[in-house]
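Let me begin by presenting the structure, written as structure tokens, before commenting on it.
The values are calculated or read from the model by the stated rules, or taken from the named source; none is laboratory data. In this text, all values refer to a predicted model and were calculated from it rather than measured experimentally. Here Cβ is always computed from backbone atoms with ideal geometry, including for glycine, and neighbour counts include all displayed protein chains. Just so you know, the surface numbers come from the protein's heavy atoms only, side chains and all, with ligands and any DNA or RNA stripped out. Shrake-Rupley method; radii C 1.70, N 1.55, O 1.52, S 1.80 Å.
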Amino acid sequence: MVDALTQPPPVPPATPDNPAPVASTTPMPLDPDRLRSAIYRQYGAYPDATGVTEDRTGALDRLARDVASSLIQQRERLLDLSEEMVQQLMDEHCPASEHADEWDMQALSTAVKERFGFEPSIDNQFAEREVLVERLWGELEKIIEAREAEFSLPVFLYFARYFYQEEIDQRWIDHLKAMEALREGIGLRGYGQKDPKQEYKKEGFVIFGEMMGGIGRNVCEKLFHMQLRREESGAAEVQVPQPQRKKARRTIESGGGGTAQAGSGSGGNGAPAEPEGRPVRRNEPKVGRNDPCPCGSGKKYKKCHGAVVAA
């Protein structure tokens, strides 16, 4: 039996003579460290949030500039990854050491569809490797812009960071196991008149390169194949198919806009909760990364003023 003295007194009903108490509207102090952590989780930037309590407007303007600069750098890294993947596919199916008649264009088209989710418009008419690369990159840029328009740039980069973290967590464990197995058997190389230490360094470097290549491939496949599926409740859920080496028939289906939700945060196994974001609008004419720089230096834009913008 609960003692009645331990219970709080009942709240009398509100009357004209005795109105209900007004809830306190005292503002809570803003914690710079918590704000900084929230910005990092949302946008992948870790700016200095000091001074936000003293000069709120000025600090928020500075944080906005830092976040925008970080998003530009993240997008450049994503473009570099995509360009690297295109170059790998070209080296595999259209090597520079072979004549154009010996290139496997069908295999290249299938690999591009597996990696980036679209079927390129290429055929056997390309005799120069650089021309073929420019065609593939031009079509891939349109796919990237379509993905950014569908998810918005901050959300698209959010999932890029999430997929990177997920792949690194998974593949790093496999890498450590592979290095442990190599360490256990490397001593036998001495019987073949080889230095075990040098052989361990060489093969360890190869294993590390394979791990990094696998991370890039899987991030691309997940990022360019994820879809928005509209639920009956009106919420949107992100579907991310797992990478499959032999599955070639894949297409991009747009499920509309909206906010993506997931069952766990960025550290879980499910798709992460999608942050809010607005599309970034360009105020100047677009210059392709491989186009000549408008300054007249004769260099490609990515190697000239494009590198300054991304810095």
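Data table
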{"quantity": "Residues of the stretch 168-184 satisfying the condition of being under 13 Å from I207 (Cβ atoms) and without any contact (Cβ under 8 Å) to a residue 40 or more places away in the chain", "calculated": "W172, D174, H175, L176, K177, A178, M179, E180, A181, L182, R183"}
{"quantity": "Some residue of the stretch 205-217 being modelled with pLDDT of 90 or more, more than 28 Å from R75 (Cβ to Cβ), part of a helix (DSSP H, G or I) and open to solvent by less than 90 Å² (accessible area, probe 1.4 Å)", "calculated": "yes"}
{"quantity": "Output for the stretch 51-69, where each listed residue is closer than 15 Å to D33 by Cβ, in contact with a helix residue (DSSP H, G or I) (Cβ under 6 Å, 6 or more places away or on another chain) and not in a loop (DSSP other than H, G, I, E, B)", "calculated": "none"}
{"quantity": "Any hit, the stretch 18-36, residues being modelled with pLDDT of 85 or more, assigned to a helix (DSSP H, G or I) and open to solvent by less than 80 Å² (accessible area, probe 1.4 Å)", "calculated": "yes"}
{"quantity": "Matching option when the condition is aliphatic (A, V, I, L, M) and within 31 Å of the chain's Cα centre (by Cα), among L182, L176", "calculated": "L176"}
{"quantity": "Residue pairs meeting the criteria (Cβ under 7 Å; at least 6 apart or on separate chains; first under 14 Å from S109 (Cβ atoms) and open to solvent by less than 70 Å² (accessible area, probe 1.4 Å), in the stretch 121-137; second charged (D, E, K, R) and in a loop (DSSP other than H, G, I, E, B))", "calculated": "none"}
{"quantity": "Flag for D66 being open to solvent by 50 Å² or more (accessible area, probe 1.4 Å), free of Cβ contacts under 8 Å to residues at least 40 places away in the same chain and under 19 Å from Q165 (Cβ atoms)", "calculated": "no"}
{"quantity": "Residue match in the stretch 45-60 (condition: open to solvent by 30 Å² or more (accessible area, probe 1.4 Å) and at pLDDT 90 or above)", "calculated": "no"}
{"quantity": "Conditions (1) within 25 Å of M212 (Cα to Cα); (2) open to solvent by 70 Å² or more (accessible area, probe 1.4 Å); (3) modelled with pLDDT of 90 or more: number failed by K142", "calculated": "(1)"}
{"quantity": "Criterion (part of a helix (DSSP H, G or I) and more than 20 Å from R77 (Cα to Cα)) met by exactly one of R147, R161, R189", "calculated": "R189"}
{"quantity": "Residue count for the stretch 84-106, restricted to those that are out of contact with any helix residue (DSSP H, G or I) (no Cβ under 7 Å at 6 or more places or on another chain), assigned to a helix (DSSP H, G or I) and open to solvent by less than 50 Å² (accessible area, probe 1.4 Å)", "calculated": "2"}
{"quantity": "Output for the stretch 99-111, where each listed residue is over 23 Å from R217 (Cβ atoms) and either among the acidic types (D, E) or in contact with a Gly (Cβ under 7 Å, 6 or more places away or on another chain) (or both)", "calculated": "D101, E102"}
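To keep it simple, each residue is scored yes or no on (1) in contact with a Leu (Cβ under 7 Å, 6 or more places away or on another chain); (2) touching a residue at least 24 places away in the same chain (Cβ under 8 Å).
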| position | (1), (2) |
| --- | --- |
| L79 | no, yes |
| S82 | yes, yes |
| V86 | yes, yes |
| A100 | no, yes |
| A111 | yes, no |
| F118 | no, yes |
